[in-house]
1. Quick one: count up the residues across segment 1-28 that are within 23 Å of Tyr72 (Cα to Cα) and either under 18 Å from the mean Cα position of the chain (by Cα) or not in a loop (DSSP other than H, G, I, E, B) (or both).
2. Any residue in segment 31-38 that is assigned to a helix (DSSP H, G or I) and open to solvent by less than 80 Å² (accessible area, probe 1.4 Å)?
3. Confirm whether Leu136 is under 20 Å from Leu60 (Cα atoms) and under 20 Å from the mean Cα position of the chain (by Cα).
4. May I ask you to say which residue of Gln178, Gln209 is open to solvent by 20 Å² or more (accessible area, probe 1.4 Å), without any contact (Cβ under 8 Å) to a residue 60 or more places away in the chain, among the polar types (S, T, N, Q) and outside any helix (DSSP H, G or I)?
5. For Lys91, indicate whether it is more than 17 Å from Val30 (Cα to Cα) and within 16 Å of the ligand (Cβ to nearest atom).
6. Just checking, how many residues over segment 94-115 are more than 14 Å from Leu6 (Cβ to Cβ), within 8 Å of the ligand (Cβ to nearest atom) and not acidic (Asp, Glu)?
7. Only one of these conditions is not met by Val190: (1) surrounded by 12 or more Cβ atoms within 10 Å (Cβ to Cβ); (2) out of contact with any Leu (no Cβ under 9 Å at 6 or more places or on another chain); (3) within 23 Å of Ala96 (Cβ to Cβ). Which number is it?
8. Consider Thr126 against the criteria (1) within 15 Å of the ligand (Cβ to nearest atom); (2) in contact (Cβ under 8 Å) with a residue 40 or more places away in the chain: it satisfies all of them except one. Which criterion is unmet?
Amino acid sequence: MDITILSIFPRMFQALNESLIGKAQEKELVNIDVVDFRAFTTNKQNHVDDAPYGGGAGMLLQAQPIYDAMDYVEKKKPGKKRVVLLDPAGKTFNTAMARDFAQEDQLVFICGHYEGFDERVKDLVTDEVSIGDYILTGGELPTMSMIDATLRFVPGVLGNSFSAEEESFSNGLLEYPQYSRPADFCGKKVPEVLTSGDHEKIRLWRLTQALKKTLERRPDLLEGADLTDEEKKLLHKIRQNN
Ligand SMILES: C[S@@+](CC[C@H](N)C(=O)[O-])C[C@H]1O[C@@H](n2cnc3c(N)ncnc32)[C@H](O)[C@@H]1O
């Protein structure tokens, strides 16, 4: 997979050279390029922003440097691209989107700053995406979150290929509680079933806990979840006992 990031703060992406995403680049599972679109500005002062027509606070990123940076990317890497604009007014990023992005050969992220973009930049993009209902100073951190979440679904990126599928949200449920050694920590004991060695009992316990936790904390997830008959029965039981 090829990922290109358009940003005026390219150094922020050094974090992507660490940990599993760094290893994924070393293994050539993904190639990540950061293009500083300030390099494409045509004005002498190297400005990429200007005041909004009609007045108002703050400055907007101008269309020209971003259009020219996109032309450069297209020439360097021709082909179909998913172009994601970081925008608080966009669709909220989630696991389904991460899975979808992971299928693409070429992803481009355009990071905003200041008060955002000249509206005409939106003609270049396929998706406008937000990471939540809060405002950050720029699109760099949201881009890194999306890249991290997306690459988890690219085969080979995680050491254990099953782990992405077992996480919270991947099956519509929050993850069950987990424990590691020791079995008794300062009197806080691990639930007995987990040390029983009975795999079926453990599976059932985990599923029940995941359903309970989701019902308690995120009942909205259950509304859209595609539950199996077993999950429906367990959920019914949990609701009756509550
Ligand atoms: C200060 S914000 C601009 C906010 C904009 N004036 C608004 O009210 O929607 C600057 C840039 O940071 C990025 N950004 C900030 N919050 C974001 C979020 N929740 N999700 C995605 N991108 C965000 C976007 O690229 C945005 O253009």
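The values are calculated or read from the model by the stated rules, or taken from the named source; none is laboratory data. The structure displayed is predicted, hence computed values, not measured ones. Reconstructed Cβ throughout: ideal geometry from the backbone, glycine too, with neighbour counts over all protein chains shown. Note: areas computed on protein heavy atoms with side chains; ligands, DNA, RNA excluded. Shrake-Rupley method; radii C 1.70, N 1.55, O 1.52, S 1.80 Å.
1. 14
2. We begin by selecting, within segment 31-38, every residue assigned to a helix (DSSP H, G or I); these are 37-38.
Those still in the list that are open to solvent by less than 80 Å² (accessible area, probe 1.4 Å) too: 37-38.
Checked against the condition, which is being assigned to a helix (DSSP H, G or I) and open to solvent by less than 80 Å² (accessible area, probe 1.4 Å), segment 31-38 yields at least one hit.
3. Values: under 20 Å from Leu60 (Cα atoms): yes; under 20 Å from the mean Cα position of the chain (by Cα): yes.
In short, yes.
4. Gln178
5. Details: more than 17 Å from Val30 (Cα to Cα): yes; within 16 Å of the ligand (Cβ to nearest atom): yes.
Spelling it out, Lys91 is indeed more than 17 Å from Val30 (Cα to Cα) and within 16 Å of the ligand (Cβ to nearest atom).
6. 1
7. The one condition Val190 does not meet is (3).
8. Thr126 satisfies every listed condition except (1).
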